[in-house]
């Protein structure tokens, strides 16, 4: 994606950004710095972002990766606390 977008996005003076959606959180700040440095040194993109893919569960909060449903079990009390009256079982 970087190679494909590099020439195109450099033709514009603003309003363009390449979003790099990662599959999960980068736990190492050094790894993130290294990725940013490599992109900045090897491409001419005016703006780019690095964003981890994540999901939010009202009970468990931040969950790494993309999940249609929370992968963790929920008690009826937890669901009621967040105003969720029904819970669709995984796979239904």
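Mind counting the residues in segment 37-70 that are assigned to a loop (DSSP other than H, G, I, E, B), outside the structural domain of residue 23 (by TED's automatic domain parsing) and surrounded by fewer than 12 Cβ atoms within 10 Å (Cβ to Cβ)?
2
Select from segment 79-89 the residues that are within 24 Å of residue 53 (Cβ to Cβ) and surrounded by 10 or more Cβ atoms within 10 Å (Cβ to Cβ) and write down the one among them that is modelled with the highest pLDDT.
82
Looking at segment 9-25 only, could you name the residues that are at pLDDT 75 or above and either closer than 30 Å to residue 63 by Cα or surrounded by 11 or more Cβ atoms within 10 Å (Cβ to Cβ) (or both)?
9, 16, 17, 18, 19, 20, 21, 22, 23, 24, 25
The values are calculated or read from the model by the stated rules, or taken from the named source; none is laboratory data. For clarity, every value in this text was computed on a predicted model and none was experimentally measured. Ideal geometry is used to build each Cβ from the backbone, glycine not excepted, and the neighbour counts take in all protein chains shown.
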